[in-house]
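Below is one structure, written out as structure tokens, with a few remarks after it.
The values are calculated or read from the model by the stated rules, or taken from the named source; none is laboratory data. Because the structure is predicted, anything quoted here is derived from the model rather than measured. Counting neighbours? That spans all protein chains shown, and the Cβs are built from the backbone with ideal geometry, glycine included. The accessibility values were calculated without ligands, DNA or RNA, using every heavy atom of the protein model including side chains. Shrake-Rupley method; radii C 1.70, N 1.55, O 1.52, S 1.80 Å.
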Amino acid sequence: MRDRIRPGVRTLFVGINPGVRSALTGHHFAGFSNRFWKLLYDSRLVAEPITFQDDDRLPDWGFGITNLVSRATPGIDTLRPHEYVEGRKKLAAKVRRFRPPVVALVGVTVFRAMFPDHTGPVALGLQEQTLGEAAVFVLPNTSGRNANFSYTEMLTAFRGLKRFSERGARRPPALRRRPSADGVRRSRSRAR
């Protein structure tokens, strides 16, 4: 699955890995019941209704899209630990290269895969952790199989990303942290 990222990206969306239909079509979030594209429009992150077939146009709005793991699967249950480790390295390299102010992780599972040392619940929205200089913003998984969030809750999260992005993606001073050697910033206190 080809990334849709170019210099000047303001928000980089990151999925866990492509589904089978995405792999077959060559487009991100192409599942029949995936709500990603509708949420982009309904939250006014994009100015017109678009579908998975328009993913090449995302950079026109300052967005990029990639996956943590590139291998397509029907679900995440067959992904292996080494794929997550390799995916974290590749994503960190993409963030260093393209320097997006915001990395939007599409799903709590993506956040947990990126920050395996995090303990406790993960709330939607801005996180204390960062990737390099990029703020990390967690969105709900937009798959139709995700019964954890209603459409209204998903839309609220996407609108929160829009508000955060419009503020210039400035992190509140209390959330600014020094990066670790690997470029990943972690919270100083963790929920237990």
Counting only residues 5 or more apart in sequence or on a different chain, those whose built amide H sits under 5 Å from that of Thr130 are Arg185, Arg186
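Run the numbers for Phe32 and Arg99: contour at 0.36 nm per residue of separation, minus the present Cα-Cα distance, in nm.
My answer for the length gained is 20.9 nm.
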Given 8-20, 62-74, the highest-first ranking by average Cβ count within 10 Å works out to 8-20, 62-74
Quick calc, the stretch 45-140, dipole around Cα centre from Cβ unit charges on Lys, Arg (+) and Asp, Glu (-), nearest 20 debye, gives 420 debye
Rounded to two decimals, the Rg over Rh value of the stretch 11-133 from Cα coordinates and the Kirkwood Rh reads 0.94
Going residue by residue through the stretch 32-42, the Karplus relation 6.51 cos²θ - 1.76 cosθ + 1.60 with θ = phi - 60° gives ³J(HN,Hα) values, rounded to whole Hz and with x marking Gly or Pro, of 4, 9, 6, 9, 3, 5, 5, 5, 4, 6, 4
For Lys38, counting only lysines whose alpha-carbon sits under 19 Å away and dropping same-chain residues fewer than eight positions off, the answer is Lys162
For the chain, the percent of accessible surface on carbon and sulfur atoms (probe 1.4 angstrom, ligands and nucleic acids excluded) is 52 percent
Cross-link reach from Lys90 to aspartates and glutamates, straight Cα distance under 15 Å and at least 8 residues apart if same chain, gives Asp3, Asp182
